[in-house]
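Engineer: What follows is a single structure, and I will ask about it in a moment.
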């Protein structure tokens, strides 16, 4: 189902009893949706970007009550890119680093959530970095303690992210390009199917990647009308009385009843 008004969500959750909510909207509406999921005992996958640190703390608190997975990007290639960046930064400690992201002209936040995640990965691996330089203008020589950040907006570009490392007369470029938003949608549905079997907690897309069965392709977790291959954990049986209705769901050969997705689009 889709939800246009956050005020409608509690009644829709009660009426449709979904397995999981998938949200790609904005920070404020996402927090409203998560609060409704927390009250109803419905797991939530959040792909919204642009949260403040205080808002992220609100999400983490909600995860004490329901399974919650939050990611800035649901493309498997981006997950691999982040891991490759971590290794490259560790292996090339003295190289300059620049992060560039390019998106369609309608994207609102900059730098993108994915670029922010990559920057956090870089800064965690190299503690000597003290600042992010967004663009460059006039007389502004590069400092050893900075990482350059560039955001471009043009046309209908789905999403491109590049991490450049340069030094010792050589350049290493690690790049991911998404050819379709379907890549993000598939990953979000994979995450949703994985999340319904988890206990309350704050999860990342890496948790889905690490648990991925060998030989299975993206989009091959059970979808609508297909039986799950794994048992459901009855964490909700120990929840508040108003969530008791969820404790009667089948724990074997369960089927998706619906997917609740609010209005929004990845990227």
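Engineer: Hey, can you tell me all the residues within the range 1-18 that are modelled with pLDDT under 70 and either surrounded by 13 or more Cβ atoms within 10 Å (Cβ to Cβ) or under 14 Å from residue 39 (Cα atoms) (or both)?
Structural biologist: 1, 3
Engineer: Also, I was wondering about something else. Pick from the range 196-209 the residues that are under 14 Å from the mean Cα position of the chain (by Cα) and either in the same structural domain as residue 113 (by TED's automatic domain parsing) or surrounded by fewer than 23 Cβ atoms within 10 Å (Cβ to Cβ) (or both): which of them is nearest to residue 58 (Cα to Cα)?
Structural biologist: Of everything passing the filter in the range 196-209, 202 is nearest to residue 58 (Cα to Cα).
Engineer: Turning to a different aspect of this structure: Given (1) within 23 Å of the chain's Cα centre (by Cα); (2) at pLDDT 50 or above; (3) not in a helix (DSSP H, G or I), where does residue 224 come up short, assuming only one miss?
Structural biologist: (2)
Engineer: So which residues in the range 155-190 are in contact with a strand residue (DSSP E or B) (Cβ under 8 Å, 6 or more places away or on another chain) and crowded, with 20+ Cβ neighbours inside 10 Å?
Structural biologist: Initially, the range 155-190 is screened for residues in contact with a strand residue (DSSP E or B) (Cβ under 8 Å, 6 or more places away or on another chain), giving 157-167, 171-178, 188-189.
Residues satisfying the conditions are 159, 161, 163, 165, 176, 178, 188, 189.
Engineer: Now for a different question. If you take the residues of the range 43-57 that are touching a helix residue (DSSP H, G or I) at 6+ places or on another chain (Cβ under 8 Å) and modelled with pLDDT of 95 or more, which of them is farthest from residue 190 (Cα to Cα)? Lay out the reasoning, then the answer.
Structural biologist: Filtering the range 43-57 down to residues touching a helix residue (DSSP H, G or I) at 6+ places or on another chain (Cβ under 8 Å) leaves 43-52, 55.
From what's left, modelled with pLDDT of 95 or more: 43-46, 55.
On the way: 43: 14, 44: 13, 45: 10, 46: 13, 55: 25 Å.
Selected residue: 55.
Engineer: So is residue 79 at pLDDT below 95 and within 24 Å of residue 190 (Cβ to Cβ) or not?
Structural biologist: yes
Engineer: OK, next. Among the residues of the range 114-126, is any part of a loop (DSSP other than H, G, I, E, B) and modelled with pLDDT under 95? Steps first, answer last, please.
Structural biologist: If we filter the range 114-126 for residues that are part of a loop (DSSP other than H, G, I, E, B), which is where we start, we get 126.
Among the residues that remain, those that are also modelled with pLDDT under 95 are: none.
No, the range 114-126 contains no residue that is part of a loop (DSSP other than H, G, I, E, B) and modelled with pLDDT under 95.
Engineer: In the range 61-100, what residues are part of a loop (DSSP other than H, G, I, E, B) and under 28 Å from residue 168 (Cβ atoms)?
Structural biologist: Those that are part of a loop (DSSP other than H, G, I, E, B) and under 28 Å from residue 168 (Cβ atoms): 92, 93, 94, 95.
Engineer: Only one of these is surrounded by fewer than 21 Cβ atoms within 10 Å (Cβ to Cβ) and in contact (Cβ under 8 Å) with a residue 12 or more places away in the chain: 112, 131, 193, 120. Name it.
Structural biologist: Values: 112 fails: surrounded by fewer than 21 Cβ atoms within 10 Å (Cβ to Cβ); 193 fails: surrounded by fewer than 21 Cβ atoms within 10 Å (Cβ to Cβ); 120 fails: in contact (Cβ under 8 Å) with a residue 12 or more places away in the chain.
The unique qualifying residue is 131.
Engineer: Kindly evaluate residue 55 against the criterion of being surrounded by fewer than 20 Cβ atoms within 10 Å (Cβ to Cβ) and either touching a residue at least 60 places away in the same chain (Cβ under 8 Å) or outside the structural domain of residue 21 (by TED's automatic domain parsing) (or both).
Structural biologist: No; evaluated as a whole, the condition is false for this residue.
Engineer: Can residue 139 be described as in contact with a strand residue (DSSP E or B) (Cβ under 7 Å, 6 or more places away or on another chain) and in a loop (DSSP other than H, G, I, E, B)? Walk me through it before giving the result.
Structural biologist: Working: in contact with a strand residue (DSSP E or B) (Cβ under 7 Å, 6 or more places away or on another chain): no; in a loop (DSSP other than H, G, I, E, B): yes.
The answer is no for residue 139.
Engineer: Return the total of residues in the range 14-53 being more than 16 Å from residue 69 (Cβ to Cβ), over 14 Å from the mean Cα position of the chain (by Cα) and in a helix (DSSP H, G or I). It would help to see each step written out before you state the result.
Structural biologist: Just the residues of the range 14-53 that are more than 16 Å from residue 69 (Cβ to Cβ), to begin with: 14-17, 26-29, 32, 35-36, 39-40, 50, 52-53.
Then keep just the ones that are over 14 Å from the mean Cα position of the chain (by Cα); that gives 14-17, 28-29, 32, 35-36, 39-40, 52-53.
Imposing the further condition that a residue be in a helix (DSSP H, G or I) reduces the set to 14-16, 28-29, 32, 35-36, 39-40, 53.
Final tally of qualifying residues: 11.
Engineer: Working only within the range 74-105, note down all residues that are touching a strand residue (DSSP E or B) at 6+ places or on another chain (Cβ under 8 Å) and within 17 Å of residue 158 (Cβ to Cβ).
Structural biologist: The answer is 75, 77, 78, 81, 100, 101, 102, 103, 104, 105.
The values are calculated or read from the model by the stated rules, or taken from the named source; none is laboratory data. Worth saying up front: this structure is predicted, and the values here are computed from it rather than measured. FYI the Cβ positions are ideal-geometry reconstructions off the backbone, even for glycines, and counts take in every protein chain you see.
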